[in-house]
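*Asks:* Have a look at the structure that comes next, please.
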Amino acid sequence: MKVTVVGAGAVGASCAEYIAMKNFASEVVVVDIKEGFAEGKAMDLMQTASLNGFDTKITGTTGDYSKTAGSKVAVITSGIPRKPGMTREELIGINAGIVKEVTANLVKHSPDVIIIVVSNPMDTMAYLVHKTSGLPKNKIIGMGGALDSARFKYRLAEALECPISDVDGMVIAAHSDTGMLPLLSKATRNGVPVSEFLNEEQQAYVAEETKVGGATLTKLLGTSAWYAPGAAVSVLVQSILCDQKKMIPCSLMLDGEYGESDICLGVPAIIGANGVEKIVDITLTDAEKAKFAEAAKAVREVNGDLKF
Ligand code: NAI
C-alpha cells in the first residue's frame, strides 16, 4: 500500500525513513515544493535500503501530485516549524494556506485517502482539513497525542528511574504548551499507579516537563524536533495499514465526545484500516475535565483565526 508524505523537511524525511524501515508499506512518495528536494531525500533514503534491510520503495517529486494517486494514507508535514520562543499558534498564517492547498491536491488524486495532519498549530490544521477536504471524519487524524504521550513516558521513566517499557501513560486535549493534558491519574509503572511512587511535586514536574517537551527541544535544536515526531507518525500509519486497531490519542473532530463539538482535540481512539474506528471514552477526574474544557476554549480561539 502506498503512503504519501508531503514536506521533505526534517519531520517529513523522518516519517518516510521510519515508515520505510518498518517495511509495512509498498511505497512512500515524498512531495515537496522546493525543486529537487524531495527527489534528493528519497534517493538518499533509498540508498539506506540495502544497509537497513527494507524493501519499501521511496520516490520523490517536486509538486507532481499525480505520483501520489491511490495513496491509502497521506501525511501533511509541509509548512514552517517554530523557532525558539515561538508558540505553535504563531505559525497559523503561513501554514493554513499551505495545508489547505496540499489537502486539495491530495484528495484530487486519492479520493479515499486517510490524512494525517502534522503541521502546526496541529489541532487547528486538522480542523481546517475537516472543513475543506470533503473527507468523512474517520479519515482525518491529527498527530500530537502519540508524540506527547511518548514524551510523557520519557519523563515518567526519568522520574521513576526505570526503563521506559515499564511505564504507560497518555496525553490528551490540545497539542500546545498550555493545553496538553498528561493523564497522571491513569499513568502506571508495571500496572501500578504512578502516584504510589511519585509525590505530588514530582508528578507536577513530570506534567510540566511533558507540556513544554517540544519547546525544550526547540530551544536546544534551534528548530522543532523530528525523530520522535516521525516515529509517532509511523506508529499511526502502521496501525492503519496493518489494521492493528491500536489505541492512540489523536486530534479528532468531536461531536459531543468529552463534552465538546465542532473542534479537533486529542482523545484516545482505536486506529485501524478505516482510520478512526472508534473514539474511546475514558473517565476523567473533575480537574481533568476542567483542563480539557480550558484547552478546548483556547483551540477554539485559534480556530477563529482561520479563513476558509
Ligand atoms: P521543515 O522546514 O524542515 O520542512 C517543511 C517542508 O515543507 C520544507 O521542506 C518545505 O519546502 C515544505 N513545504 C512548504 N510548503 C510546501 C507546499 N506547499 N507543498 C509541499 N511542501 C511544502 O519543517 P519541519 O521541522 O519538518 O516541520 C514541519 C511542520 O511540522 C511544522 O509546522 C512543525 O511545527 C510541525 N510539527 C508538528 C509536530 C506534531 O506533533 N504535530 C511535531 C514536529 C513538528
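Bear in mind these aren't lab numbers, they're just calculated from the coordinates by the rules spelled out. Only a predicted model underlies this, so the values are computations on that prediction, with no experimental measurement involved. Every residue, glycine among them, receives a Cβ derived from its backbone with ideal geometry; neighbour counts consider all protein chains shown.
*Asks:* To the nearest 20 Debye, how big is the dipole of region 45-93 about its Cα centre, given +1 on the beta carbon of each Lys and Arg and -1 on that of each Asp and Glu?
*Replies:* The dipole magnitude comes to about 40 debye.
*Asks:* Under a 5 Å amide H to amide H cut-off, with H placed in plane at 1.01 Å, what residues pair with ILE80 once short-range neighbours are removed?
*Replies:* Amide H to amide H, under 5 Å and 5 or more residues apart or across chains, ILE80 pairs with ASN95.
*Asks:* What is the projected area of the convex hull of the Cα atoms of region 149-228, averaged over all directions, in nm²?
*Replies:* In nm², the orientation-averaged hull projection of region 149-228 is 5.2.
*Asks:* How large is ³J(HN,Hα), in whole Hz, for each residue of region 67-81 in order, when computed from phi with the Karplus curve 6.51 cos²θ - 1.76 cosθ + 1.60 and θ = phi - 60°, using x for Gly and Pro?
*Replies:* 6, 8, 3, x, 6, 6, 9, 10, 10, 9, 10, 6, x, 8, x
*Asks:* Specify the angular offset, from 0 to 90 degrees and rounded to the nearest 10, of the alpha carbon long axis of helix 227-241 from the longest principal axis of the alpha carbons in the chain.
*Replies:* Approximately 80 degrees, to the nearest ten.
*Asks:* If you don't mind, another one. Based on the Kirkwood radius over alpha-carbon pairs, what is the Stokes-Einstein translational diffusion coefficient of the chain at 37 °C with 0.692 mPa s viscosity, in µm²/s?
*Replies:* Working: Rh = 19.3 Å.
Here the translational diffusion coefficient equals 170 µm²/s.
*Asks:* Shape of region 1-77 from its Cα gyration tensor (a ≥ b ≥ c, root eigenvalues): rounded if a/c is under 1.5, otherwise prolate when a/b > b/c, or oblate?
*Replies:* It comes out oblate by the Cα gyration axes.
*Asks:* List, in order, the whole-Hz ³J(HN,Hα) value for each residue of region 205-215 obtained from phi through the Karplus relation with A = 6.51, B = -1.76, C = 1.60 and θ = phi - 60°; use x for Gly and Pro.
*Replies:* Karplus values, whole Hz, x for Gly and Pro: 5, 4, 4, 5, 5, 5, 5, 9, x, x, 5.
*Asks:* Taking the chain as the reference, fit the longest principal axis to its C-alpha atoms, fit the long axis of helix 92-109 to the helix C-alpha atoms, and give the angle between the two in degrees, 0 to 90, nearest 10.
*Replies:* Helix 92-109 sits roughly 50 degrees off the main axis of the chain.
*Asks:* Could you calculate the contour length gain from ARG300 to LYS83, that is, 0.36 nm times the residue separation minus the distance between their Cα atoms, to one decimal place in nm?
*Replies:* Going from the current span to full extension adds 75.8 nm.
*Asks:* Just name one of PRO81, THR48, THR62: the one whose Cα is farthest towards the positive end of the charge dipole of region 32-86 (beta-carbon charges, Lys/Arg +1, Asp/Glu -1).
*Replies:* Going by the charge dipole, the pick is PRO81.
*Asks:* Please return the longest range in the chain lying between exposed loop sites, taking GluC sites (Glu not before Pro), DSSP loop only, at most 14 other beta-carbon atoms within 10 Å, and leaving the sites out.
*Replies:* Value returned for the longest uninterrupted segment is 162-308.
*Asks:* Further question: Roughly how big is region 89-219's charge dipole about its Cα centre, with Cβ charges of +1 (Lys, Arg) and -1 (Asp, Glu), in debye to the nearest 20?
*Replies:* Rounded to the nearest 20 debye, it is 660 debye.
*Asks:* Which one of LEU156, PHE197, ILE279 has its Cα pushed farthest toward the positive end of the charge dipole of the chain, where Lys and Arg give +1 and Asp and Glu give -1 at the Cβ?
*Replies:* Of LEU156, PHE197, ILE279, it is ILE279.
*Asks:* If the cut-off is 21 Å between C-alpha atoms, which lysines fall inside it for LYS67, apart from same-chain ones fewer than 8 positions away?
*Replies:* Excluding near neighbours in sequence, the set is LYS2, LYS34, LYS41, LYS57, LYS100, LYS108, LYS139.
*Asks:* Can you list which of the trypsin sites (Lys or Arg not before Pro) found in region 29-60 are DSSP loop residues with at most 16 other C-beta atoms within 10 Å?
*Replies:* LYS34
*Asks:* Mind checking the dipole of the chain: about its Cα centre, +1 per Lys or Arg Cβ, -1 per Asp or Glu Cβ, Debye to the nearest 20?
*Replies:* 700
*Asks:* Please compute the volume of the convex hull spanned by the alpha-carbon atoms of region 92-149 and report it per residue in Å³.
*Replies:* About 71 Å³ per residue, rounded to a whole number.
*Asks:* Let me ask something else about it. Which of rounded, prolate, oblate describes region 160-286, given a ≥ b ≥ c as roots of the alpha-carbon gyration tensor eigenvalues and a/c under 1.5 marking rounded, otherwise prolate only if a/b is larger than b/c?
*Replies:* Taking the square roots of the gyration eigenvalues as a ≥ b ≥ c, region 160-286 is rounded.
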